[in-house]
Amino acid sequence: MRMAATLASGVLYGLAFPPLRLQFLAWVAIAPLLLAIRGTRPVATLGLMWLWLITASYSSGHWLPRAVESYYLQPAWVGWFFFVGVSTLNAAPYYLPLGLALRRLGSGFEGRWLYPWVVGTAWVAAELARGRLLNDLGIFISNPWAQLGYSQAGNQALLQLASVTGIYGVTFVVLAVNAGVADFVLRVIRGEVRILPCQTLAVAAVSPVLLALMWGRAELERAPEPGIVTGDTASVAIVQGNIGWDARWRPELYGSNLETYLRLTREAVEGARTDLVTWPESAMAFFIEKEPRYRRAIGRALSGSNAGLLAGGVRIDGTEESPRYYNAIFAIDTDGEILRHYDKEKLVPFGEYFPFRSIEFLRRRFARVRVFEPGSPDAVLPTRIGPAAVAICNEAMLPEVVGRRVRAGAAFILNPSNDAWAPEPVFAEQMLDMAILRSVEQRRWLVRASTTGPSALVDPWGRIIVRTSIDEQRVIRGTIGMRREVSIYGRVGDVFASGCAIAAIALLVLSHPRLRS
């Protein structure tokens, strides 16, 4: 029964995310897990938590085994081995100790009105560690994929809480309800249902989300109507070329994709005011710094307009004998000249660099580009319309990275992404959800340019103004605002989540059997 409850919890967890987006399930998905680990021995708790994280990882990221198989050109068993290994390494160091913490805290606070808040505090502490610890230590990029709060993307009123607490506040209120449900079910099983204790429990479980919704609705009422832009404005066009990963960085196709982007760029600037055109990550399958003929072609596509171009490609540095490659975004003017660039800071292991270079079968053949180098951590990219907080692809998962660039003066967020490498569209939909949270947290317009979609313009309250479908070739346009004010979360960062971590540690110490006796 414990294993069945754990498996059910993991499945319900994933169903709250795309493609089905059954968001209401997130409010009860963790309750079966909380019931399953009640009263277990430590070894059993660890086993159940590992079973849960593998199930939840697959139900929310079932695309990963196939992506590994197709992208790395490996047999299916390698994809599954990679999935289990990555899921375990990314989550087990945080969720297994969380299970032991919940086991102890459950025995100490079971039946008390504080229980929902205690569970929410402990879970947020684990997600904070998962999302930031390795990044802060500079060891490896953290992977906060499918954290519980992201299941509520699209719940506009609730998402406004993120402008104060970040994604972790959304996670907290969802966990509080889950804990209240679990405690109530346990009371029913034990025949201990009494009106006053149940009322107190309900108030503790529901009050955080009610307060968050009330505050969020007030924030939305103060916000402009969707699509209404105030202050300094700029007209932006996003080009989605819809070119698959297998057509890039093959020697025989060097530069062949440029014509697609040039044609769509001419369409973007003709007949309408356009201040900025954006291409996705890896749009230029050539070394633009070494190709003056291609740069002149880009200039001709922009001629007659006042638009600048932000385009993804590979930047080369170093010597001819020992070149260094960077995953870069180039700012290009109407003459086709490169003005500035941004080099991606947080690289994807095995996709953009190889932490274990002896594992040859994990190497993806990028033609001449073998390994990327990380860029500067404090980069803000000046553009024709204002300074941009650039977050290339997976960097949009990291709120502290985007926040650092907004505090450095960025007026909008740019998220160029290569979503073609995953064979299932659910990956790209989840990436968009995560990027939307960055716009709410920082109260900045988000410009997302994807290779195969979805590309989108998102306002500072997380409302999608215009977007593309997946696997379509299209140009979308819109007007965005250049914002200078910094949100509460932008100023204080993860103070709420850090406070939860401190409180969780204190509660664990105070709940030690020796201290209680």
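The values are calculated or read from the model by the stated rules, or taken from the named source; none is laboratory data. Since the model is a prediction, treat every value here as computed from it, not as a measurement. Every residue, glycine among them, receives a Cβ derived from its backbone with ideal geometry; neighbour counts consider all protein chains shown. Accessible surface areas use protein heavy atoms only, side chains included; no ligands, DNA or RNA. Shrake-Rupley method; radii C 1.70, N 1.55, O 1.52, S 1.80 Å.
For segment 447-473, which positions are open to solvent by 30 Å² or more (accessible area, probe 1.4 Å), assigned to a loop (DSSP other than H, G, I, E, B) and of a type in the set (D, E, K, R)?
The answer is Arg463, Asp471, Glu472.
Assess whether Glu221 counts as being acidic (Asp, Glu) and either under 23 Å from Met434 (Cα atoms) or touching a strand residue (DSSP E or B) at 6+ places or on another chain (Cβ under 8 Å) (or both). Let's see the steps before the verdict.
Numbers: acidic (Asp, Glu): yes; either under 23 Å from Met434 (Cα atoms) or touching a strand residue (DSSP E or B) at 6+ places or on another chain (Cβ under 8 Å) (or both): no.
No.
What tally of residues in segment 418-441 results from selecting those that are over 12 Å from the mean Cα position of the chain (by Cα), crowded, with 24+ Cβ neighbours inside 10 Å and small (Gly, Ala, Ser)?
Total satisfying the criteria: 1.
As an exercise: evaluate Ile476 against (1) at pLDDT 95 or above; (2) among the aliphatic types (A, V, I, L, M); (3) open to solvent by 10 Å² or more (accessible area, probe 1.4 Å); (4) out of contact with any Gly (no Cβ under 9 Å at 6 or more places or on another chain) and give the number of the one condition it does not meet.
Ile476 satisfies every listed condition except (3).
Out of the residues in segment 1-39 that are of a type in the set (Phe, Trp, Tyr) and assigned to a helix (DSSP H, G or I), state the one that is nearest to the chain's Cα centre (by Cα). Reasoning before the result, please.
Taking segment 1-39 and keeping what is of a type in the set (Phe, Trp, Tyr), we get 13, 17, 24, 27.
Checking the rest, the ones that are also assigned to a helix (DSSP H, G or I) come to 13, 24, 27.
Working: Tyr13: 17, Phe24: 20, Trp27: 20 Å.
That would be Tyr13.
Are there any pairs, at least 6 apart or on different chains, whose C-beta atoms fall under 8 Å, with the first in segment 441-453 and on the phi > 0 side of the Ramachandran plot and the second charged (D, E, K, R) and open to solvent by less than 10 Å² (accessible area, probe 1.4 Å), and if so, which?
These pairs meet every condition: Gly453/Asp419.
Please find, within segment 137-169, the residue that is most open to solvent (accessible area, probe 1.4 Å) out of those that are touching a residue at least 24 places away in the same chain (Cβ under 8 Å) and of a type in the set (Val, Ile, Thr).
Our first condition is that a residue be touching a residue at least 24 places away in the same chain (Cβ under 8 Å); within segment 137-169, this holds for 140-169.
Imposing the further condition that a residue be of a type in the set (Val, Ile, Thr) reduces the set to 141, 164-165, 167.
On the way: Ile141: 19, Val164: 45, Thr165: 14, Ile167: 1 Å².
It comes out as Val164.
Residues Arg405, Arg483, Arg444: which one is crowded, with 24+ Cβ neighbours inside 10 Å, part of a loop (DSSP other than H, G, I, E, B) and either under 13 Å from the mean Cα position of the chain (by Cα) or of a type outside the set (A, V, I, L, M) (or both)? Step through it out loud before you land on a result.
On the way: Arg405 fails: part of a loop (DSSP other than H, G, I, E, B); Arg483 fails: crowded, with 24+ Cβ neighbours inside 10 Å.
Answer to the check: Arg444.
For segment 105-137, which positions are under 19 Å from the mean Cα position of the chain (by Cα) and at pLDDT below 90?
Leu133, Leu134, Asn135, Asp136
Looking only at segment 107-131, count every residue that is in contact (Cβ under 8 Å) with a residue 40 or more places away in the chain and either in contact with a Cys (Cβ under 6 Å, 6 or more places away or on another chain) or not in a helix (DSSP H, G or I) (or both) and tell me the total.
Counting residues in segment 107-131 that are in contact (Cβ under 8 Å) with a residue 40 or more places away in the chain and either in contact with a Cys (Cβ under 6 Å, 6 or more places away or on another chain) or not in a helix (DSSP H, G or I) (or both) gives 7.
When you look at Leu134, is it assigned to a helix (DSSP H, G or I), open to solvent by 40 Å² or more (accessible area, probe 1.4 Å), closer than 24 Å to Gly61 by Cβ and not basic (Lys, Arg), yes or no?
On the way: assigned to a helix (DSSP H, G or I): yes; open to solvent by 40 Å² or more (accessible area, probe 1.4 Å): yes; closer than 24 Å to Gly61 by Cβ: yes; not basic (Lys, Arg): yes.
Against the criterion (assigned to a helix (DSSP H, G or I), open to solvent by 40 Å² or more (accessible area, probe 1.4 Å), closer than 24 Å to Gly61 by Cβ and not basic (Lys, Arg)), Leu134 qualifies.
Restricting to segment 261-304, name every residue that is outside any helix (DSSP H, G or I) and aliphatic (A, V, I, L, M). Quick ask: steps written out before the conclusion?
So the first thing to find is which residues in segment 261-304 are outside any helix (DSSP H, G or I), and the list is 270-287, 291, 303-304.
Residues satisfying the conditions are Ala272, Leu276, Val277, Ala283, Met284, Ala285.
So, in segment 176-208, of the ones that are in a helix (DSSP H, G or I) and among the charged types (D, E, K, R), which residue ends up farthest from the chain's Cα centre (by Cα)? Give the steps one after another, and end with the answer.
Residues of segment 176-208 in a helix (DSSP H, G or I): 176-190, 195-208.
From the residues that got through so far, the ones that are among the charged types (D, E, K, R) too are 183, 187, 190.
On the way: Asp183: 31, Arg187: 37, Arg190: 41 Å.
Across segment 176-208, the extreme among qualifying residues is Arg190.
So which of Val402, Val380, Val406 is at pLDDT below 95 and β-branched (Val, Ile, Thr)?
Values: Val402 fails: at pLDDT below 95; Val406 fails: at pLDDT below 95.
Matching residue, one of Val402, Val380, Val406: Val380.
Taking the residues in segment 297-329 that are in contact with a helix residue (DSSP H, G or I) (Cβ under 9 Å, 6 or more places away or on another chain) and among the charged types (D, E, K, R) as candidates, determine which candidate is nearest to Ala391 (Cα to Cα).
Arg315
If you go through segment 408-441, how many residues are acidic (Asp, Glu), assigned to a helix (DSSP H, G or I) and closer than 16 Å to Gly241 by Cβ? Show your work before the answer.
Step one: filter segment 408-441 for residues acidic (Asp, Glu), giving 419, 424, 429, 433, 441.
Those still in the list that are assigned to a helix (DSSP H, G or I) too: 429, 433, 441.
Okay, now just the ones that are also closer than 16 Å to Gly241 by Cβ, so none.
Total meeting the criteria: 0.
Which one is nearest to the chain's Cα centre (by Cα), of the residues in segment 73-85 that are of a type in the set (A, V, I, L, M, F, W, C) and surrounded by fewer than 16 Cβ atoms within 10 Å (Cβ to Cβ)?
The first filter runs over segment 73-85 and keeps only residues of a type in the set (A, V, I, L, M, F, W, C), leaving 73, 76-78, 80-84.
Retained after the next criterion (residues that are surrounded by fewer than 16 Cβ atoms within 10 Å (Cβ to Cβ)): 73, 76-77, 81, 84.
Working: Leu73: 26, Ala76: 26, Trp77: 27, Phe81: 24, Val84: 20 Å.
Residue satisfying both the conditions and the ranking: Val84.
Tell me which of these Leu211 doesn't satisfy, since it passes every other one: (1) over 24 Å from the mean Cα position of the chain (by Cα); (2) open to solvent by 60 Å² or more (accessible area, probe 1.4 Å); (3) touching a residue at least 12 places away in the same chain (Cβ under 8 Å).
Going through the list (1) over 24 Å from the mean Cα position of the chain (by Cα); (2) open to solvent by 60 Å² or more (accessible area, probe 1.4 Å); (3) touching a residue at least 12 places away in the same chain (Cβ under 8 Å), Leu211 breaks only (3).
Can you tell me which condition Val229 does not meet? The list is (1) touching a Pro at 6+ places or on another chain (Cβ under 7 Å); (2) not in a helix (DSSP H, G or I), and all the others hold.
Single failed check for Val229: (1).
If the requirement is being within 30 Å of Trp117 (Cβ to Cβ), modelled with pLDDT of 95 or more and in contact with a Leu (Cβ under 6 Å, 6 or more places away or on another chain), which of these qualifies: Ala218, Ala223, Ala212? Before you say what the answer is, go through the steps one by one.
Numbers: Ala218 fails: in contact with a Leu (Cβ under 6 Å, 6 or more places away or on another chain); Ala223 fails: in contact with a Leu (Cβ under 6 Å, 6 or more places away or on another chain).
None of the others qualify; the one that does is Ala212.
If I go through segment 40-72 residue by residue, how many of them are in contact (Cβ under 8 Å) with a residue 40 or more places away in the chain and more than 26 Å from the chain's Cα centre (by Cα)?
The number of residues fulfilling the criteria is 6.
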